[in-house]
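Structure first, commentary second.
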């Protein structure tokens, strides 16, 4: 069994695309996933499944959400080891020791084309900064005030993007590690 972390884009925001976490957990269990655990109301689900592609898992979950709730939700699925590596390589912590309350991670559904990356690297923000692999964000004035939003990156990079703050991402890894060690 492999441990996966899935993050859903745009549920339970401003009264739109409402999915209760108990219903989401049940949906994952009905898909045959094991040891399903949700974290906060924004669509973070940790689960175990036999090894398969992350894209296939994402499509399977996305299709079931459409069938069950009647709306589309982009779903990004990553392996535990992948998310751990992303956290460990955060350049804002390694090189600069920035305050973690100002750090966010924007996860991309696929690698953007080089010409699309070039378009956003030309944009300079007064205080906010980003580094692309996943997109490591540093927003000293808070994520609510940045122009570097999911919509911004999706429009420029032409891929699906969803953001989690550093603390949430770290907690997802902690939960996934507990599940992995227990089962």
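The values are calculated or read from the model by the stated rules, or taken from the named source; none is laboratory data. A quick note: this is a predicted structure, and the numbers were derived from the prediction, not measured. Cβ atoms come from the backbone with ideal geometry, glycine included; neighbour counts cover every protein chain shown.
Computed values, structure above
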{"quantity": "Residues being farther than 21 Å from residue 53 by Cα, over 18 Å from the mean Cα position of the chain (by Cα) and part of a loop (DSSP other than H, G, I, E, B) - total across segment 1-17", "calculated": "2"}
{"quantity": "Which numbered condition residue 24 fails, given (1) surrounded by 16 or more Cβ atoms within 10 Å (Cβ to Cβ); (2) assigned to a helix (DSSP H, G or I); (3) not assigned by TED's automatic domain parsing to the domain that holds residue 177", "calculated": "(3)"}
{"quantity": "Per-region count, segment 66-83, residues under 10 Å from the mean Cα position of the chain (by Cα) and either farther than 13 Å from residue 11 by Cβ or surrounded by fewer than 14 Cβ atoms within 10 Å (Cβ to Cβ) (or both)", "calculated": "3"}
{"quantity": "The listed residue being outside the structural domain of residue 94 (by TED's automatic domain parsing), farther than 25 Å from residue 112 by Cα and surrounded by fewer than 14 Cβ atoms within 10 Å (Cβ to Cβ), out of 141, 174", "calculated": "174"}
{"quantity": "Candidates 93, 105, 148, filtered to the one that is touching a strand residue (DSSP E or B) at 6+ places or on another chain (Cβ under 8 Å), surrounded by 14 or more Cβ atoms within 10 Å (Cβ to Cβ) and in a strand (DSSP E or B)", "calculated": "105"}
{"quantity": "Count of segment 151-178 residues which are touching a helix residue (DSSP H, G or I) at 6+ places or on another chain (Cβ under 9 Å), assigned to a helix (DSSP H, G or I) and under 13 Å from residue 44 (Cβ atoms)", "calculated": "6"}
